[in-house]
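Visitor: Let me begin by handing over the structure; questions about it come next.
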Amino acid sequence: MTTAVLTGHSSIAGRSLPGTGDALHAIAPDTGEELDPPYSQIDVEQLREATAAAADAFPSFSRLEPEAHATFLDSIADEIDALGDALIERGMRETGLPQARLVGERARTTGQLRLFAEVVRSGEHRGVRIDPAQPDRTPLPRVDIRQRRIPLGPVAVFGASNFPLAFSTAGGDTASALAAGCPVVFKAHSSHPGTSELVASAIARAIATHGLHPGVFSHVFGPGRSVGQALVSDPDIHAVGFTGSREGGLALVRTAQQRPVPIPVYAEMSSVNPVFILPGALDGDVQALAAGYVQSATGSSGQLCTQPGIVFVPRGEHGDAFLRAVAEALNAATGQTMLSPSIAAAWREGVATRDAHAEVLARGADGEGPHAPAPVIHAADLPAFDTDHVLHDEIFGAASLVVRYDDVADLVQAASRLEGQLTATLQLSADDHELASALLPVLERKVGRILAGGWPTGVEVGHAMVHGGPFPATSDSRTTSVGTLAIDRFLRPVAYQNIPDELLPEALRDANPWHVPRLVDGRRES
């Protein structure tokens with residue numbers, strides 16, 4: 001077990017640095033209490049120390065031998081585990097999330113670090129391709145061309161509000177950037193600074209244990225409008241990972257595009273994750289289907305990026321029975337503490353706006369404390385949904401909208417008018433396959449993950465997962481922020497033509513000393 005002391009300071013390349021700006025406190029969302037210590041915020045000049053250190057660390061870190069690199073990632077996971085109960089307890093105080101949720105989130109965080117360690121060991125991400133020279137080819141000889149993917153450079157990562165561990169300090173963006181060989185400058189979220197500092201200390205210990213350049217990771221506190229924008233503008237930063245609001249993500253995208261040298265921003269922003277309940281699904285256990293919906297919509301107070309914000313339900317007696325079961329389940333539900341006062345205030349504002357545009361199907365009860373509002377589900381018909389764009393807006397929290405439809409053929413048109421989403425779910429039976437086959441081509445163009453059955457709020461971390469989607473779900477639909485494919489965001493291809501073997505990177509040499517998988521003349525090397 002590791003004992004870590006909270007300092008209230010940023011950590012620049014392993015050095016504790018008090019900020020020059022105003023201090024911020026975490027607020028316990030269940031009581032409104034200010035939590036110590038106060039966290040001083042750095043200024044733009046101090047931020048420059050972190051980005052310069054990351055640039056200094058890049059040459060050595062980007063060339064780490066695979067086993068040393070993988071062991072480093074494993075060590076971060078071990079150090080996070082060694083924080084023990086202190087990490088979970090601080091997370092509970094700062095977020096109001098229950099112990100079981102945070103224990104599971106810690107396991108996901110360390111699990112994805114260890115998964116990326118295996119990716120690094122395998123070498124598949126290096127994308128090695130070799131077209132050997134063919135001097136006797138006619139009419140023209142072929143030159144020797146070898147390709148690999150290299151790290152982009154230092155990456156700026158912004159912590160998310162709703163996942164204090166899995167999408168935060170050592171979360172998916174940081175883990176995939178480090179696995180790619182990119183140093184990280186991490187901007188902590190102001191809602192859970194102590195949790196973030198504890199995890200940052202674990203990363204720093206792993207860096208020291210392996211004798212790496214301390215600039216591999218820096219952890220900073222600062223205002224988003226100054227320090228956050230300066231981080232994206234900094235010439236030593238080569239890519240950005242962000243999870244948060246559409247407004248915040250687009251502000252970073254604009255800044256990145258206006259640089260003298262633009263850089264990619266991988267921003268996960270907003271999604272309502274439509275669910276299409278097809279007629280055959282209502283021939284089964286309607287009570288269980290309704291309970292699954294309410295649990296998915298209200299779990300973690302609805303503060304999940306894959307929360308089902310819109311559910312299409314057929315008219316008729318089976319649809320009516322489903323809605324009665326939904327109302328019964330939701331009326332018995334109690335509000336859970338939201339992550340922060342500002343998130344709770346934004347939720348209330350969004351619900352008040354929707355109250356004026358749709359009827360209330362059901363509303364639960366307020367929970368304990370000042371920031372645990374009653375969950376709510378509204379209802380509207382499909383023509384109203386088509387014409388009222390307010391009904392398309394995401395409400396971050398335990399609020400959802402049921403849209404009633406008459407004709408299953410209308411669903412294809414409704415799906416085509418949706419914005420880009422992270423997920424779409426089909427609730428169906430075998431009798432619905434013809435309709436589902438008509439919906440699937442539309443949904444493929446609209447979302448990153450399509451489910452048949454189940455609910456979208458469970459996101460598996462693995463090799464095939466896609467957690468991304470067309471704008472505005474993300475700023476770049478070609479990528480994922482969850483799963484091993486996330487490493488691709490921070491790599492780019494380089495070709496080497498007729499370079500002498502002894503000058504080539506290890507992965508491209510004839511002897512292949514790192515034993516990475518390679519395509520030779522388009523075929524897997526045996």
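Visitor: At R0 = 60 Å, how high is the FRET efficiency between residue 320 and residue 137 if r is their beta carbon distance? Nearest 0.05 is fine. Walk me through the numbers before you get to the answer.
Guide: On the way: r = 72 Å, r/R0 = 1.20.
Once rounded, the FRET efficiency stands at 0.25.
Visitor: I've got another one for you. May I have the pair-distance distribution P(r) for the range 256-368, computed from all Cα-Cα distances with 5 Å bins from 0 and rounded to whole percent?
Guide: Pairs per bin, as whole percents: 2, 10, 16, 21, 18, 11, 8, 5, 4, 3, 2, 1, 0.
Visitor: A further question on this structure: Return the distance in nm (one decimal) between the two label points of a simple spin-label model at residue 145 and residue 434, each offset 7 Å from Cα along Cα→Cβ.
Guide: Once both label points are built, they end up 5.0 nm from each other.
Visitor: Another one. Grab the Cα-Cα distance for residue 122 and residue 63, subtract it from 0.36 nm times how many residues apart they are, and report the gain in nm with one decimal. Walk me through the numbers on the way to the answer.
Guide: On the way: separation 59, 0.36 × 59 = 21.24 nm, distance 1.56 nm.
My answer for the length gained is 19.7 nm.
Visitor: What's the Cα-based Rg to Rh of the range 446-487, Rh via Kirkwood? Please list the in-between numbers first.
Guide: Details: Rg = 10.2 Å, Rh = 10.7 Å.
Ratio of gyration radius to Kirkwood radius: 0.95.
Visitor: Right, here's the next one. How high is the FRET efficiency from residue 410 to residue 208, r the C-beta distance, R0 45 Å, rounded to 0.05?
Guide: Working from the Cβ atoms, E equals 0.15.
Visitor: Expressed in nm to one decimal, what extension gain is obtained for the pair residue 392 and residue 502 from 0.36 nm per residue of sequence separation less their Cα-Cα distance? Present the calculation step by step, with values, prior to reporting the outcome.
Guide: Values: separation 110, 0.36 × 110 = 39.60 nm, distance 5.85 nm.
Gain on extension, residue 392 to residue 502, equals 33.8 nm.
Visitor: Report the local net charge at residue 10: Lys and Arg +1, Asp and Glu -1, summed over other residues whose C-beta lies under 11 Å from its C-beta. Please report the intermediate quantities before stating the final value.
Guide: On the way: positive: 15, 187; negative: 43, 49, 197.
Once positives and negatives cancel, what remains is -1.
Visitor: Jot down the radius of gyration and Dmax of the range 378-526, Cα atoms only, both in angstrom.
Guide: Over the range 378-526's Cα set, Rg and Dmax evaluate to 22.2, 69 Å.
Visitor: Would you pull out the residues with amide H under 5 Å of residue 372's amide H, same chain only if 5 or more places away, H placed 1.01 Å from N?
Guide: Distant-sequence amide H within range of residue 372: 338, 367.
Visitor: Enumerate the amide H contacts of residue 311 below 5 Å, restricted to partners 5 or more residues apart or on another chain; note that Pro and chain-start residues carry no placed amide H.
Guide: 275, 401, 402, 403
Visitor: Using r as the Cβ-Cβ distance of residue 332 and residue 3, and R0 as 45 Å, what FRET efficiency do you calculate, to the nearest 0.05?
Guide: Details: r = 43 Å, r/R0 = 0.96.
According to the calculation, E is roughly 0.55.
Visitor: Mind jotting down the three principal axis lengths of the range 1-138 based on Cα atoms? Whole angstrom, largest first.
Guide: 78, 40, 27
Where a number appears in this text, it was derived from the coordinates with a stated rule and is not lab data. What you see is a predicted model, and the numbers here were worked out from it, not measured in a lab. Note that each Cβ is placed from the backbone with ideal geometry, even for glycine, and that neighbours are counted across all protein chains shown.
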